[in-house]
Amino acid sequence: LVIPMTHQVIARDRDMAAQELGFPLILGAHDHEEYNEVVAGARVLKCGADARLFGVVDVTFADANAATAPTVEVTLRKASDFAPDPAVAAAVEKHEAPVARMRQSRLCAVPPQIEVLSIKGKGSKSEL
């Protein structure tokens, strides 16, 4: 069983599936939207951005010796439905501390007439 994990736009994942290379499932990233569709018999799954959703995937073979394609079932789950693991939360906090200090650093003065595009949409807390 080979399951490609890609980081490309949905059009390329669809093109890969359309080639009928025998992959029952293509797990993709890059796009910020969710996709859960079947193209030429291959399930194409992208769970969106910021780990808000994750996919639970069951790949089932009818028979260990069968040459038939497996079935693929996907359940999308909200990360917010689960309580944070304290050990993981502590590790994230430890590794984010240097980044938080850097965010408070001033690298240079930006004149007020210049719109800083890199900070638009940034700084919002993800559900990680």
Problem - Candidate set: segment 1-35, residues that are in a helix (DSSP H, G or I) and small (G, A, S); chosen: the one nearest to the chain's Cα centre (by Cα) - result: A11
Handout entry: Residue within segment 74-87 that is on the phi < 0 side of the Ramachandran plot, of a type in the set (A, V, I, L, M, F, W, C) and touching a Gly at 6+ places or on another chain (Cβ under 7 Å) present
Key = yes
Practice task
For residues that are open to solvent by 50 Å² or more (accessible area, probe 1.4 Å) and in a loop (DSSP other than H, G, I, E, B), scanning just segment 36-54, find the one that is farthest from E73 (Cα to Cα).
Solution key: D50
Completion exercise
Restricting attention to segment 85-115, the residues that are under 31 Å from the mean Cα position of the chain (by Cα), open to solvent by 100 Å² or more (accessible area, probe 1.4 Å) and polar (S, T, N, Q) number exactly 1
Problem - Among residues of segment 4-29, those that are in contact with a helix residue (DSSP H, G or I) (Cβ under 8 Å, 6 or more places away or on another chain) and open to solvent by 50 Å² or more (accessible area, probe 1.4 Å), counted - result: 1
Exercise for the section: Assess whether L45 counts as being touching a Gly at 6+ places or on another chain (Cβ under 8 Å) and over 22 Å from M16 (Cα atoms). Expected result: no
Practice task
Only one of these is under 27 Å from L1 (Cβ atoms), among the β-branched types (V, I, T) and exposed (fewer than 10 other Cβ atoms within 10 Å of the Cβ): T75, T68. Name it.
Solution key: T68
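The values are calculated or read from the model by the stated rules, or taken from the named source; none is laboratory data. Please read all numbers here as calculations on a predicted model, not as lab measurements. Reconstructed Cβ throughout: ideal geometry from the backbone, glycine too, with neighbour counts over all protein chains shown. For the accessible areas, the whole protein counts, side chains as well, though only heavy atoms, and no ligand, DNA or RNA atoms are used. Shrake-Rupley method; radii C 1.70, N 1.55, O 1.52, S 1.80 Å.
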